[in-house]
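Inspection log for the structure reproduced underneath, given as structure tokens.
Only the coordinates and a few stated rules stand behind these numbers; no lab work does. All of these numbers come straight from a predicted model, not from anything done at the bench. With ideal geometry, Cβ positions are generated from the backbone for all residues, glycine too; neighbour counts draw on all protein chains shown.
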Amino acid sequence: MKGCIRVIAMRLLIEALSAFAVPLLVAFVLIHGYKKGVKVYEVFVEGAAEGIKTSVRILPYLIAILMAIGIFRSSGAMDILLVLLRIPAGLLGIPAEVMPLVLIRPLSGSGALGVVSEIFATYGPDSFAGRVAGTMMGSTETIFYTTALYFGAVGIRDTRHVLPSALMADMAGVVASVVVCRLIFG
């Protein structure tokens, strides 16, 4: 009985902290800025103006990467790549059900979320494929999207070792997701 009450109390405490975390953080920043003599409103407006300029500057890169993703999926290239990667993925223990996620995650976060939703709807979130997909979403990154966006925003043309390193890290996240899910869920 005590354990149940303790769990309920802990849940209520976490919910209360969650409800007030953002407003308290905003209040802290405003009060701290005021105490330090910062013109908080003016600085906020300058930051917002700079954010709009940055948005306009990265818009072409964003459009280009979204078009490339659309072309990749619509052309059937993804389907061909899935067939070609079926055997190597099987050797690494990667379930065939999550291979579309492995391919789309480096390209698009929203596309990857759609693939995960399909996996959950088809196999269930508590299936091995569902657990691996959920773990992969948290263990990998939208490499091409972020690289194109961030480097494009600051005008870097030569990314040198970023892409190969990021792809290796992504593959490590994919394999680690499978290994961890096998160890924990069997």
Just Leu167, Leu59, Leu24 to compare: in a GNM of the chain, with alpha carbon springs under 10 Å, which one fluctuates most?
Leu24
If I model a spin label as a point 7 Å beyond the Cα along the Cα-Cβ vector, how far apart are those points for Ala172 and Thr146 in nm?
1.4 nm
Equivalent ellipsoid, the range 11-115 (semi-axes from 5 times Cα gyration tensor eigenvalues, Å)
44, 24, 10
Expressed in nm to one decimal, what extension gain is obtained for the pair Ser165 and Leu113 from 0.36 nm per residue of sequence separation less their Cα-Cα distance?
16.4 nm
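If you wrap a convex hull around the Cα atoms of the range 98-164, how much volume per residue is inside, in Å³? Could you put the intermediate results ahead of the total?
Values: hull volume 5.0 nm³, N = 67.
Taking only Cα atoms, the range 98-164 has a hull volume of 75 Å³ per residue.
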Assigned charges on the beta-carbon of Lys, Arg, Asp, Glu; the chain dipole about Cα centre (debye):
480 debye
Take Arg157 and Leu85, extend 7 Å from each Cα along the Cα→Cβ direction, and tell me the distance between the two endpoints in nm.
3.1 nm
Find, among the trypsin sites (Lys or Arg not before Pro) in the range 1-98, those assigned to loop by DSSP (not H, G, I, E, B) with at most 14 other beta-carbon atoms within 10 angstrom.
Lys36, Lys39
Lys/Arg +1, Asp/Glu -1 at C-beta; the chain dipole; positive extreme among Ile71, Gly90, Val26:
Val26
Please identify the DSSP H helices in the chain that span no less than 30 Å along the helix axis (Cα) and have a mean Kyte-Doolittle hydropathy of 0.5 or more.
2-35, 40-74, 162-185
Connecting every pair of Cα atoms under 10 Å apart in the chain and solving the GNM, the largest mean-square fluctuation among Ile31, Ile14, Ile156 falls on Ile14
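Please work out the ratio of the alpha-carbon Rg of the chain to 2.2 N^0.38 Å and round it to two decimals. Walk me through the intermediate numbers first.
Numbers: Rg = 22.0 Å, N = 186, 2.2 N^0.38 = 16.0 Å.
Expressed relative to 2.2 N^0.38 Å, the Cα Rg reads 1.37.
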Here FRET efficiency (C-beta to C-beta, Ile14 to Val179, R₀ 30 Å, nearest 0.05) is 0.45
